[in-house]
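Here's the structure, in structure tokens; my notes come after.
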Amino acid sequence: GVMKQEANNVVDMPAQPFPLEDVRLLDGPFLDAQQLCADYLLKLEPDRLLSGYRTEAGLKPKDEKYGGWERMEISGHGLGHYLSAISLMYASTGNEEFKRRAVYIIDQLEECQKASGNGYCGGIPGGKKVFDEIARGEIRSQGFDLNGLWVPWYNLHKLYAGLIDAHRYCRSDKALDVVTKLGDWNCELVKNLDHEKWQRMLHCEHGGMNEVLAELYALSGDEKYLELSRKFHHEAVLGPLAEKVDCLPGIHGNTQIPKIIGVARLYELTGSDDDRTIAEFFWDRVVHHHSYVTGGHGESEYFGPAD
């Protein structure tokens with residue numbers, strides 16, 4: 001396809017991170033930790049993480065699924081995490097084996113996507129059926145359950161993020177192509193949902209869907225991804241924060257943080273005052289009013305009373 005013009009930050013960012021590729025660790029505990037992590041990543045088998053993706057696309061798996069969560073309704077998200085991890089590790093070490101694995105996974109995902117025929121690819125058991133229900137506006141949403149599935153949007157967020165990281169750190173054009181087609185499928189899927197149905201759907205944990213779609217907008221310059229990112233705006237939480245009301249006591253911590261990271265990214269790309277207020281107010285409340293002396297901010301992942 002035609003490469004669109006990337007969308008740049010509209011906010012001047014005085015502090016810039018060093019590119020990972022420009023930093024190498026010297027001997028010490030950090031390098032030891034990185035090496036342990038690298039060794040672990042090399043023990044994992046891409047074909048086992050891809051198993052559910054092939055099954056859901058109607059293809060024969062090349063190896064069996066891992067156990068634990070990968071055998072449950074959240075199956076598939078492990079691959080997204082893994083693709084991010086090996087892409088970051090490639091940038092951090094220059095070890096070509098990590099890039100080779102990323103390229104292999106992206107080729108496999110492209111095959112699954114082609115077999116699906118509509119841009120979707122995922123390892124979520126029965127995901128197609130549930131996404132069809134969502135497209136029709138049939139939404140049964142609880143905190144961690146959407147139409148009987150365990151956090152499907154959270155799951156897909158990990159895949160989007162993995163593909164974006166592979167594009168960024170492994171310089172994979174194909175990763176951008178696959179994630180763009182996934183974004184197009186996403187736009188099409190939810191085009192008929194009204195505001196009330198969106199908000200009901202967003203009651204279920206959805207990871208940082210707003211962030212990855214903002215990132216897709218940044219990479220492509222295509223406004224439709226920005227528009228979709230804005231729809232993943234959970235008003236029950238983000239509304240009060242925009243008004244500087246601390247609505248955090250009693251709500252699940254992990255679910256909120258990715259939403260705020262997404263809002264912060266949207267501020268960088270659009271300069272929206274509301275987005276900045278939400279991000280700054282949330283940061284202040286969590287760091288100065290909801291964090292414990294041990295460094296954590298939650299008990300069993302939930303925010304407690306302020307101070």
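Let's see how each residue does on (1) touching a Gly at 6+ places or on another chain (Cβ under 9 Å); (2) surrounded by fewer than 19 Cβ atoms within 10 Å (Cβ to Cβ); (3) not acidic (Asp, Glu):
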position: Met209; (1), (2), (3): yes, no, yes
position: Ala214; (1), (2), (3): yes, no, yes
position: Gly221; (1), (2), (3): no, yes, yes
position: Leu226; (1), (2), (3): no, no, yes
position: Asp246; (1), (2), (3): no, yes, no
position: Lys259; (1), (2), (3): yes, no, yes
position: Leu266; (1), (2), (3): no, no, yes
position: Ser272; (1), (2), (3): no, yes, yes
position: Phe282; (1), (2), (3): no, no, yes
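Looking only at the range 169-184, residues that are surrounded by fewer than 19 Cβ atoms within 10 Å (Cβ to Cβ), of a type outside the set (Asp, Glu) and in a helix (DSSP H, G or I) come to 1 in all. Candidates in the range 5-23 are the residues that are surrounded by fewer than 10 Cβ atoms within 10 Å (Cβ to Cβ) and more than 24 Å from Arg276 (Cβ to Cβ); of these, the one that is modelled with the lowest pLDDT is Gln5.
Restricting to the range 64-96, name every residue that is outside any helix (DSSP H, G or I), open to solvent by 20 Å² or more (accessible area, probe 1.4 Å) and farther than 27 Å from Asp173 by Cβ.
If the condition is that a residue be outside any helix (DSSP H, G or I), open to solvent by 20 Å² or more (accessible area, probe 1.4 Å) and farther than 27 Å from Asp173 by Cβ, then Glu64, Lys65, Tyr66, Gly67, Met72, Glu73 are the ones that fit.
Name the residue that is nearest to Ser75 (Cα to Cα), counting only residues in the range 16-56 that are assigned to a loop (DSSP other than H, G, I, E, B) and within 24 Å of the chain's Cα centre (by Cα). My answer is Leu50. Taking the criterion of being closer than 9 Å to Pro258 by Cβ and hydrophobic (A, V, I, L, M, F, W, C), the only residue of the range 202-220 that qualifies is Met209. Out of all the residues in the range 131-149, is one or more closer than 20 Å to Pro258 by Cβ, in a helix (DSSP H, G or I) and among the hydroxyl-bearing types (Ser, Thr, Tyr)? No, the range 131-149 contains no residue that is closer than 20 Å to Pro258 by Cβ, in a helix (DSSP H, G or I) and among the hydroxyl-bearing types (Ser, Thr, Tyr). Residues considered: Arg71, Arg54, Arg48. Of these, the only one that is touching a Pro at 6+ places or on another chain (Cβ under 6 Å) and under 25 Å from Ile124 (Cβ atoms) is Arg54. As a summary of the residue check, Tyr267 satisfies the conditions (1) touching a Phe, Trp or Tyr at 6+ places or on another chain (Cβ under 8 Å); (2) within 27 Å of Met13 (Cα to Cα); (3) in a helix (DSSP H, G or I) except for the one numbered (1).
The values are calculated or read from the model by the stated rules, or taken from the named source; none is laboratory data. Just so you know, these numbers come straight off a predicted model, no measurement behind them. Virtual Cβ from ideal backbone geometry, glycine too; neighbours counted across all protein chains shown. Heads up: the accessible areas ignore ligands, DNA and RNA and are worked out on the full protein's heavy atoms, side chains in. Shrake-Rupley method; radii C 1.70, N 1.55, O 1.52, S 1.80 Å.
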